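See structure below.
The values are calculated or read from the model by the stated rules, or taken from the named source; none is laboratory data. Keep in mind that what you see is a predicted model, and the values were worked out from it rather than measured. Cβ atoms come from the backbone with ideal geometry, glycine included; neighbour counts cover every protein chain shown. The protein model used for the area step is the full one, side chains on, heavy atoms only, and it has no ligands, DNA or RNA in it. Shrake-Rupley method; radii C 1.70, N 1.55, O 1.52, S 1.80 Å.
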Protein chains: 4
Amino acid sequence: MEKETVRMEGFSDAIFAIAITLLVLDLHIPDKDALTSTTAIISYLKGQWPSYLAISISFFSIYIMWVNHHKLFKQIYVRNTGITFANGLILFLVTAVSYPTGLMARFFDTPSANLVVAIYTGLFVLINLSYNLLWYIASRDKTLLRPDITNDAIKKIKLNYLYGLPTYCLAFGLSFNYPTAALIICVVLWVFWALSSGRIHHNENLV
Amino acid sequence: MEKETVRMEGFSDAIFAIAITLLVLDLHIPDKDALTSTTAIISYLKGQWPSYLAISISFFSIYIMWVNHHKLFKQIYVRNTGITFANGLILFLVTAVSYPTGLMARFFDTPSANLVVAIYTGLFVLINLSYNLLWYIASRDKTLLRPDITNDAIKKIKLNYLYGLPTYCLAFGLSFNYPTAALIICVVLWVFWALSSGRIHHNENLV
Amino acid sequence: MEKETVRMEGFSDAIFAIAITLLVLDLHIPDKDALTSTTAIISYLKGQWPSYLAISISFFSIYIMWVNHHKLFKQIYVRNTGITFANGLILFLVTAVSYPTGLMARFFDTPSANLVVAIYTGLFVLINLSYNLLWYIASRDKTLLRPDITNDAIKKIKLNYLYGLPTYCLAFGLSFNYPTAALIICVVLWVFWALSSGRIHHNENLV
Amino acid sequence: MEKETVRMEGFSDAIFAIAITLLVLDLHIPDKDALTSTTAIISYLKGQWPSYLAISISFFSIYIMWVNHHKLFKQIYVRNTGITFANGLILFLVTAVSYPTGLMARFFDTPSANLVVAIYTGLFVLINLSYNLLWYIASRDKTLLRPDITNDAIKKIKLNYLYGLPTYCLAFGLSFNYPTAALIICVVLWVFWALSSGRIHHNENLV
């Protein structure tokens, strides 16, 4: 059975790659005339720390989303309208990540940190929902999936994305009062996904 | 028979992917010093609604164009000069989408809405013409197509793109007086294409 | 014999695709507050004609370069250091196209038109030289090429790129006094290449 | 044995391609009204020489990194979490190159040259470490590698990246006092890598 989703994967990969590379454009190069001493440049560069933080977090979050996308599509062999547009929704939200990243870069060290972190974590709630939607649509009809996939593997993947949802919702809820804690929760979740990704991958091959 | 158009598809995919990802760059991140309160940021973000509208519409319209491009090229196995340059024309117009999107984002909530929507819908008239041109060139010479394609399938594809033309022309005509109605017509057409895309795909495999 | 240059082609395609898509970013979206009437927007958009001209010319010139790149690499099966870096030189110059395009967009309707057209055509002289260099390196050692390529085909490709050189040099020379004529020469050369590309491709398969 | 890392290579290639193409965006197109004579434009363009220098150096350094990435992944057949994230680290640092490039473009002809060159060379120290990390992780477990790779080839690749480290550290150290010398060391190292790349590749096939 031929895998039909190859070109969709390639297209998605390109969008992930562009979205992840554009993040760095948020860093502004200071004006030559405004910064006339080495000390002034250093202090300008140091003052940009919320940008470094926001860009790093977003880079690795998009990278992990790409790894997850890769894994889901390894199981999806046939596409239908539902898969095409659930995937479109994921890609739309992924390209959108750069904007909340920019907002966080600009306002994380101001009293509006809670607002921008809420927007940021809120976007990840939506992205998590769109991944769940894609897998829901794909797994409803086993003829769309890799022929030798087991029900166990289907369920494992489903749970893997589902447990992200309450975590992101918690982060979103916390961000209104404890924006730093909300970000830490997201980072911990990503580290967990990163560490578990090798194991899950291993299981995929076993089952 | 080897499919000769694989590298052309890859190149086109990359252009679609970049064009669709660059749309979000139209969103400006407000200046730190200009917005000193959370309320000010919220009201700034709310005021950008025409941008959200324009970017969302353009994202899904380019996505549907990509799906259609994918489908056409599944049928085209051999390329000639005509196909190469009809495809070049499509890609040129697709990369251009971001500019009318930006104009619409800036002026949709001003008295100039009709002008910017007319430019926007006018571009889609041109894109539709370029898709029709590509299929006209490809289908004139059956040696360029997938060997087992039927005349029925060729005609079905042709009609599928042709009926878009009067719809886009209607939207273009309406935009001078009823810009919102013109946009709604475009969105309805895209939803229709999206919903019918699964079915058409199914037919392709049957015929 | 396996084709070793597939990943190099993919990488080059991506660079061509990005370079061609970034051209449109040169168009600036007018400021909402600066243009308060529909007439003002129309006159602003009309005043941008040198941008439309420069972007269109550059789009199709990069597109034709990509077609040519594609054709050359269809013949190159093995890479060595020389090919890797001649290709790097081509890609470097291709990514550079956007800057002279932007200069031309800004200054073609000023008395400095000759300077910006000279820079523009000068870049194409360099690009032509880099294509000639790539083919010179590749064709020196027939073990790098498609196993069944004939000496005739090698020579035909060589001549195809070589005759571009005097034409570009003529355009470059003319641009100091007749910038419009210089651009027309470039466009005529590209149309010629475009029209001959089908034929050359046909020959490739015959020989 | 199937090569599992194909999609990771494609994704990495796309990021390298975008990062390398975005470099040119650092060149600013002068304002029409600010430069009213051809002489003024010429002097503006000449004054941008640090940008030309920085962009050229960065272009070829990313290009050589891509060649090296390509070579490493030709040997890596199976991915695990370590490889996925060491690769993510490389990609993160590669996308970051544009920022120190921009800083160097702006400040290389000012008394702050040493600072910006130190940041620039410092980034290459980190990139070199991330390549060493990737190969360390991959070569620790021979089941991840191309089945017929020899211990000799593994060691040769390791040494090839390791000797870059002291060179970059030297460049980094020198940049605080002799920024130009530091840049020359980097360029010499890249020329050396470029020239040796054909030979190494040849060895890969022999061993």
Problem - chymotrypsin sites (Phe, Trp or Tyr not before Pro) restricted to segment A:124-195 and DSSP loop, no more than 16 other C-beta within 10 Å - result: A:Tyr163, A:Phe176
Practice task
Work out which helices of chain C, taken as complete DSSP H runs, extend at least 27 Å along their axis over the Cα atoms and score a mean Kyte-Doolittle of -0.5 or more, then list them.
Solution key: C:49-75, C:113-140, C:179-206
Practice task
Run the dipole for chain B about the Cα centre, Lys and Arg Cβ at +1, Asp and Glu Cβ at -1, nothing else charged, and hand back the magnitude in debye, nearest 20.
Solution key: 480
Fill in the blank from the handout: Excluding residues fewer than 8 positions from A:Lys32 in its own chain, the aspartates and glutamates with Cα under 19 Å of it are D:Asp26, D:Asp31, D:Asp109
Problem - Net dipole in debye of segment A:1-84 [+1 Lys, Arg Cβ; -1 Asp, Glu Cβ; about Cα centre; nearest 20] - result: 240
Handout entry: segment B:78-153-segment A:97-160 distance, computed between alpha-carbon centres (Å)
Key = 32
Completion exercise
For B:Gly47, inter-copy label-point distances (7 Å, Cα→Cβ), nm, shortest first, read 2.4, 2.4, 3.4
Exercise for the section: Whenever you get a sec, line up B:Leu170, D:Leu35, B:Leu25, B:Leu91 from highest to lowest accessible area (probe 1.4 Å, protein heavy atoms). Expected result: B:Leu170, B:Leu25, D:Leu35, B:Leu91
Handout entry: Residue (of C:Phe73, C:Ile15, C:Leu170) at the positive-pole extreme of chain C, dipole from beta-carbon charges
Key = C:Phe73
Problem - Counted charge near D:Trp66, where neighbours are those whose Cβ lies closer than 15 Å (Asp, Glu -1; Lys, Arg +1) - result: 0
Practice task
Would you tell me the mean number of C-beta atoms belonging to other protein chains that fall within 10 Å of each C-beta in B:110-116, as a whole number?
Solution key: 4
Practice task
First compute the accessible area of the protein assembly as shown with a 1.4 Å probe, then give the percent of it belonging to carbon and sulfur atoms.
Solution key: 67
Exercise for the section: Positive end of the charge dipole of segment C:98-207 (Lys, Arg +1 and Asp, Glu -1 on Cβ, about the Cα centre): tell me which of C:Ser98, C:Thr150, C:Phe124 has its Cα farthest that way. Expected result: C:Thr150
Fill in the blank from the handout: With D:Leu91 itself left out, Lys, Arg at +1 and Asp, Glu at -1 over residues whose Cβ is under 15 Å from its Cβ give -1
Problem - Residues with amide H under 5 Å from that of A:Ile76, placed H, sequence gap 5 or more - result: A:Arg146
Completion exercise
the protein assembly as shown accessible area per residue, 1.4 Å probe, protein heavy atoms, integer Å², reads 39
Completion exercise
Checking A:Ile15, A:Ile184, A:Ile62 against a Gaussian network model of chain A (alpha-carbon springs below 10 Å), the top fluctuating residue turns out to be A:Ile184
Problem - Total accessible area lost when D and C pair, probe 1.4 Å, Å² to nearest 100 - result: 3200
Handout entry: For D:34-46, mean number of other protein chain Cβ atoms within 10 Å
Key = 3
Problem - Candidate residues A:Thr84, C:Thr36: accessible-area rank, largest first, probe 1.4 Å - result: C:Thr36, A:Thr84
Handout entry: Loop trypsin sites (Lys or Arg not before Pro), segment D:20-104 (other Cβ atoms within 10 Å of the site Cβ: 15 or fewer; DSSP)
Key = D:Lys32
Problem - the protein assembly as shown shape via C-alpha gyration tensor axes, a/c threshold 1.5 - result: rounded
Problem - Qualifying aspartates and glutamates (Cα of each under 13 Å from Cα of B:Lys156; at least 8 residues distant if same chain) - result: B:Glu204
Handout entry: Out-of-range pairs (alpha-carbon distance over 29 Å; input A:Lys158/B:Lys46; B:Lys71/C:Lys158; C:Lys155/D:Lys74; B:Lys74/C:Lys74; B:Lys142/D:Lys3; A:Lys71/D:Lys142)
Key = A:Lys158/B:Lys46; B:Lys71/C:Lys158; C:Lys155/D:Lys74; B:Lys142/D:Lys3
Problem - Peptide A:142-151, shielding by other chains (average Cβ, 10 Å cutoff) - result: 0
Handout entry: Only Lys, Arg (+1) and Asp, Glu (-1) charged, at Cβ; segment A:94-195 dipole about Cα centre in debye
Key = 240
Fill in the blank from the handout: Of B:Asp148, A:Asp109, C:Asp33, ordered by accessible area with the largest first and a 1.4 Å probe, the sequence is C:Asp33, B:Asp148, A:Asp109
Exercise for the section: Please give the net charge around C:Ala113, taking every other residue with its beta carbon less than 14 angstrom from that of C:Ala113, where Lys and Arg add +1 and Asp and Glu add -1. Expected result: +1
